[in-house]
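A short reminder: the numbers here are calculations on the coordinates, not readings from a lab. For clarity, every value in this text was computed on a predicted model and none was experimentally measured. Because the Cβ atoms are built from the backbone with ideal geometry, glycine has one as well, and the counts that use them run over all protein chains shown.
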Amino acid sequence: MTIQANVQLTRVDRRRSFPCQICTILPSGAKAQGKTVSDDIMTVREVAAYLKVNERTIYRLVTDQKIPSFKVGGSWRFKKGAIDQWVQQNTILRH
């Protein structure tokens, strides 16, 4: 099996003087379907926009351990699939 690495320079990190890189490693012939590796990982700002709430609400939910999240360094991150599942489980159907 041949492994193909697609490297994309995205932005310059504000704290450092070198470019950040996002690497996608795919088996030969596989397609990324228009997504990057980071499409499935969301920041607090992205989750707040996705759920149409204030960022403070997301921080409160994280602090109360009511929303699935994890930390990378000092920043909170969220898997989009876990957020979608959390929304589904916390949806109240009213008739």
Straight-distance crosslink candidates among aspartates and glutamates, where the alpha carbon sits under 13 Å from residue 79 and sequence neighbours closer than 8 are dropped: 39, 40, 46
Table column - 3J(HN,Hα) (Hz), segment 61-71, Karplus curve with 6.51, -1.76, 1.60, x for Gly and Pro: 4, 5, 4, 7, 6, 9, 10, x, 7, 8, 9
Residue 66-residue 43 pseudo-label distance in nm [points 7 Å out on the Cα-to-Cβ vector]: 2.5 nm
Nearby aspartates and glutamates by direct alpha-carbon distance to residue 66 (threshold 16 angstrom, same-chain neighbours under 8 apart not counted): 55, 84
